[in-house]
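Structure first, then comments.
The values are calculated or read from the model by the stated rules, or taken from the named source; none is laboratory data. A quick note: this is a predicted structure, and the numbers were derived from the prediction, not measured. When we count neighbours, we look across all protein chains shown, and the Cβ atoms used for this are built from the backbone with ideal geometry, even at glycine. Heads up: the accessible areas ignore ligands, DNA and RNA and are worked out on the full protein's heavy atoms, side chains in. Shrake-Rupley method; radii C 1.70, N 1.55, O 1.52, S 1.80 Å.
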Amino acid sequence: MPSYEQLSELLAPATTVLLTVECQQGVVGPDSALPELAEEARSSGALANVARLVAAAHRGGVQVIHAVAERRPDGRGASRNARLFRAAERLPVQQLSGTTAVRLAVPIEAAEEDLVVRRLHGLSPIQGTEVDALLRNLGCRTLIVTGVSANVAIPNAVFDAVNRGYTAVVPTDAIAGVPSDYTPAMIRNTLALVATVATTDEVLACVSRQRRTVRR
């Protein structure tokens, strides 16, 4: 774990962006297409911690981007080159554009200044989407990655961020995957090698301290 001073230096509000990944009703909500993942995200406290981080970002002047995965009703442009995509086509809940499934899940509350990036293809919220261009235009240097899943989208986001020159910060209790013991193993053996890992409370302490410092 980084020291408070090291983490605070990384999380300067003007150069930090908080990314939420697939924190949408059809993924982590009560009527999820993936009930096991939704249950893990909620019972572990990960979704609640994402909401806490989003609220703190709003208060502290940190930009928030919500990355949402969806598909057109006709499936046009969607990826089919992996078993995961083909399985998703058969799920009872579809992440269709314009439906409640692709709205942010409670208890996350979006603000007017938040940006929402919707993708129709692929595994990553960064590769092949607007996110990288938005981050550069925002002057981002540090990307806080939160959401689901630790199995696929979260490591994709972290790797893509690092490959593009950003410093990735992963709040370990604000991401979730299945089974429950997979997430800590992924963090310990993979994400910790390329990202700065911390707890939600540690990130919140830094963001709160930065806010008080700016006000002075």
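The figures follow:
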| quantity | calculated |
| --- | --- |
| Protection proxy ranking, peptides 115-121, 78-84, average beta carbon neighbours within 10 Å, highest first | 115-121, 78-84 |
| Derived scalar couplings ³J(HN,Hα) [the range 184-194; Karplus, 6.51 cos²θ - 1.76 cosθ + 1.60; whole Hz; x for Gly, Pro] | x, 5, 4, 4, 5, 9, 10, 5, 5, 7, 10 |
| Ranked by how many other beta carbons lie within 10 Å on average, peptides 192-202, 148-158 from highest | 148-158, 192-202 |
| Per residue, in Å², the accessible surface of the range 50-190 once ligands and nucleic acids are set aside, probe 1.4 Å | 48 Å² |
| Helical mean residue ellipticity (222 nm; -39500 (n - 2.57) per DSSP H run of 4+; nearest 500) of the chain | -10500 deg cm²/dmol |
| Considering only the chain, percent of DSSP beta bridges that pair antiparallel, nearest 5 | 5 percent |
| Prolate/oblate/rounded label for the range 75-139 (Cα gyration tensor, a/c 1.5) | oblate |
| With every protein chain in place, the range 41-119: carbon and sulfur % of accessible area (1.4 Å) | 50 percent |
| Cut-off under 5 Å, modelled amide H: who pairs with Val197 long-range | Val170 |
| Sparse-neighbourhood loop sites, GluC sites (Glu not before Pro) in the range 41-149 - DSSP loop, at most 13 other Cβ within 10 angstrom | Glu89, Glu109, Glu112, Glu113 |
| 0 to 90° range, to nearest 10: angle between helix 200-215 axis and the chain longest Cα axis | 50 degrees |
| Nearest-ten-degree value, helix 153-163 long axis tilted from longest Cα axis of the chain | 50 degrees |
| Gyration tensor (alpha-carbon) shape descriptor, the range 98-216, a/c threshold 1.5 | rounded |
| Helix 46-60 vs. the chain, principal-axis angle (Cα, 0 to 90°, nearest 10) | 50 degrees |
| The chain - charge dipole about Cα centre, Lys and Arg +1 at Cβ, Asp and Glu -1, debye rounded to 20 | 400 debye |
